[in-house]
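Below: the structure, in structure tokens.
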Amino acid sequence: MKNRFSKNTNFFTFASRIMYILICLALIAGFFIYLIGFGKENKVHQQESLESALRHDIAECYAIEGFYPPNLSYIESHYGLVYDKNLFFIDYNAFGSNMYPDVTIISISDNKIESIK
């Protein structure tokens, strides 16, 4: 019969505990890396949705009223455009009532600039 307090048994128990801790830490790190990537992907989808909604509202205004919206606040008040102003900045330049406006959406935290002409 083996002595349960021998050094070999303690070594394997210690090594298995270390392996268990390392595996748990690796799983936790992988989970957080996944969450960070998911958050970035979500922001990309939000920006694409904002671009689509803005294009739709500009075209709808022209189709219904016969002119392009003069400014961004006009789209917000008459067509219900709502977006998170802490995440995105919209640069809206109207050149005339019959010319498609120049619209640029800037992601504030990433400083990515994308134009939706």
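The values are calculated or read from the model by the stated rules, or taken from the named source; none is laboratory data. As the structure is a computational prediction, the values presented were derived from the model and not from experiment. Glycine gets a Cβ as well: all are built from the backbone with ideal geometry, and neighbour counts include every protein chain shown.
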Study note, to complete from the structure: Heads up, the strands (runs of 3 or more DSSP E) in region 45-115 (entirely inside) with at least 1 residues that are modelled with pLDDT of 90 or more are 88-93, 102-107
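Residue-by-condition table, conditions (1) more than 20 Å from residue 107 (Cα to Cα); (2) modelled with pLDDT under 95; (3) part of a helix (DSSP H, G or I):
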position	(1), (2), (3)
5	yes, yes, no
13	yes, yes, yes
33	yes, yes, yes
39	no, yes, yes
43	no, yes, yes
Practice item. Tell me, please, whether a residue that is surrounded by 10 or more Cβ atoms within 10 Å (Cβ to Cβ), in contact with a Ser or Thr (Cβ under 9 Å, 6 or more places away or on another chain) and within 30 Å of residue 98 (Cβ to Cβ) can be found in region 30-45. Key: no
Practice item. State all residues of region 67-83 that are exposed (fewer than 15 other Cβ atoms within 10 Å of the Cβ) and of a type outside the set (A, V, I, L, M); if no residue qualifies, say none. Key: 67, 70, 71, 73, 77, 78, 80
Check your understanding: Scanning for something loosely packed, with under 13 Cβ neighbours inside 10 Å, touching a strand residue (DSSP E or B) at 6+ places or on another chain (Cβ under 6 Å) and not aliphatic (A, V, I, L, M), does region 93-100 turn up at least one residue?
Key -> yes
